[in-house]
1. Which of SER200, SER366, SER82 moves most in a GNM of the chain, Cα contacts under 10 Å?
2. Could you give the length gained on full extension between LEU40 and ARG274, defined as 0.36 nm per residue of separation minus the Cα-Cα distance, in nm?
3. For region 17-111, state which trypsin sites (Lys or Arg not before Pro) are in a DSSP loop and have at most 11 other beta carbons lying within 10 Å of their beta carbon.
4. Just the number please: accessible area per residue for region 115-155, 1.4 Å probe, all protein chains included, in Å².
5. At 7 Å along the Cα-to-beta-carbon direction for both THR55 and GLU333, put a label point, then send me their distance in nm to one decimal.
6. For the chain, set up a Gaussian network in which alpha carbons nearer than 10 Å are linked by springs, and say which option among GLN26, GLN162, GLN131 fluctuates the most.
7. For region 220-285, what relative contact order do you get, as a whole percent, if you take Cα pairs closer than 8 Å and at least 6 residues apart?
8. What percent does the relative contact order of the chain come to when contacts are Cα pairs within less than 8 Å and at least six residues apart?
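The values are calculated or read from the model by the stated rules, or taken from the named source; none is laboratory data. From a predicted model like this one, the values you see are computed outputs, not experimental measurements. Cβ coordinates were reconstructed from backbone atoms using ideal geometry, including for glycine residues, and neighbour counts include every protein chain displayed. With ligands, DNA and RNA removed, areas are computed over all heavy atoms of the protein, side chains included. Shrake-Rupley method; radii C 1.70, N 1.55, O 1.52, S 1.80 Å.
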Amino acid sequence: MQSTSLYVDTLIQSATVYFESDSEAQVVDVAISKDRIVALGNCSHLQAQQCIDATGLVLAPGFIDVHTHDDLEVLRGPHMLSKVSQGVTTVIAGNCGISAVPYCADQALLDPINLLGEQSEFVYRELQDYQHAFSNAAPSVNLAMLVGHTTLRAQVMRDLSQAANAQELEQMKSLLHQAMAQGAIGFSTGLAYYNAKGASQAEVHALAQVVTPFDGIYTTHLRTEFQGVIRAMDEAFATAEHAKLPLVISHIKCAGRENWGRAPEVLAHFEQHRQTHLVSCDCYPYAASSSTLDLNQVTEETDIFITWSEPHPELAQQSLADIATQWQVSQREAAKRLQPAGAVYHCMLEDDVQRFLSYEHSMVGSDGLPCDPHPHPRLWGHFHGCLDITVENNNRCRWHWLSTK
Ligand SMILES: [Zn+2]
């Protein structure tokens, strides 16, 4: 670096930076011009348009939200404030078996694909079509796409309650192969959901194998997160091992009161498999889950909060128990009448959540639902920080994230 004064756009002064996870922190200045770091260390000889004093604060690169349903949100709201306001600069979309591509919706959206957006938004037959739209929208975050199993089924199959037949399977394999060749990073399933439950092990294995030559990953919303969680994990391990793929178990949890306190058992099972296979998980820092309203999860012991209902929008933001009382019916009957609907389920034990979050092979993934009119707070709150954000006229964000943690 020359000693004559130079101009840069932004100079972050005296920031504490960890260059490697196990190394000692260093206090440095960081100079930025356009979107590049142009100098690190003592930058006192530089002049900047904007100076930020980061004395006593840690400076970190943007976070990756590894579990999102932002497939279409990045196109409809490219400022992505729910992410950049938390320091998230990269999102992984297409989780839980539902991706916006490759899918042209010519019928009403199936559950839970309807979590992603409106039918009219599903117009991307190939990943490259979506990539064009993404480039045009120029969102404030980077994105990597998983290809959803339920999406492939919706594109190809007539009766999703069954396993795919040979011809349907070949069509799904070909769509998945094309998407991987065009840059998708892996394959996701949501086997707990009605429209994927009927898939046979052979169907899931055959699809996962398509991803192997591309060095992709397999992520899964387990077949159950309730009492059968260990068996469901074994199913996921078997698929990943069969296809020789790294595995990410999505939003790991012990759901349902009878299952509370089992985090040590689940993590021990995890560790056992980590001896022979690359497995990890993601997790959000809340003891309540959120999805579409699922009759299988309606029990008297779980507090359920309705976030939206197509037939009864006026009942959003009320508890299912209160609605059932008003109608003088059981909660199950009330849930049936509210469908299609969205819900937040208070189904976890805080101690389990903390154990999963602090597990060294756990990643933070919001699982935020940006289309929900009353979203679970995980959409905006899964990474905490102190942020200074400016939204420019063209809706693009400039941000920096500073925290004492
Ligand atoms: Zn999920």
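1. SER200
2. 80.5 nm
3. In loop regions of region 17-111 (DSSP not H, G, I, E or B), the sparsely surrounded trypsin sites (Lys or Arg not before Pro) are LYS34.
4. Using a 1.4 Å probe on heavy atoms only, each residue of region 115-155 averages 40 Å².
5. The two pseudo-label positions are separated by 6.8 nm.
6. Top of the fluctuation ranking is GLN26.
7. So the answer I get is 38 percent.
8. Once normalised by length, the contact order is 16 percent.
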